[in-house]
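To start, the structure under review is shown below, and the notes come after it.
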């Protein structure tokens with residue numbers, strides 16, 4: 001009888017361990033996804049001021065061309 005209880009407890013602990021491992025792997029994948037998204041946003045934030053400046057210059061040149069024709 002004690003052997004069955006011990007085996008049942010071992011099986012329960014093993015199942016809990018498998019569940020924790022699966023959760024850890026899921027969190028690891030989520031972390032990797034967030035790191036990739038953060039990297040993308042940082043790259044975009046680096047280029048954004050240059051794109052805005054180019055847009056402003058293009059708009060200014062267009063307005064100058066329209067008004068001084």
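Just so you know, all these numbers are worked out from the coordinates, no wet-lab data involved. On a predicted model such as this, the values are computed, not experimentally measured, just so you know. Every residue, glycine as well, gets a Cβ built from its backbone with ideal geometry; the counts of neighbours run over all protein chains shown.
Counting only Cα atoms, the size of region 1-60 along its three principal axes is 88, 12, 7 Å, in decreasing order. Between rounded, prolate and oblate, where does region 25-69 land on the alpha carbon gyration tensor, with a ≥ b ≥ c its root eigenvalues, rounded for a/c under 1.5, else prolate if a/b exceeds b/c? Prolate, since a/c reaches 1.5 and a/b exceeds b/c.
Modelled label positions at residue 33 and residue 20, each set 7 Å beyond Cα in the direction of Cβ, lie 2.5 nm from each other. Estimated from helical segments only, the mean residue ellipticity of the chain at 222 nm is -36500 deg cm²/dmol, where each DSSP H run of four or more residues counts as -39500 (n - 2.57). With a simple spin-label model that places each label point 7 Å from the Cα along the Cα-to-Cβ direction, the separation between residue 45 and residue 10 comes to 5.3 nm.
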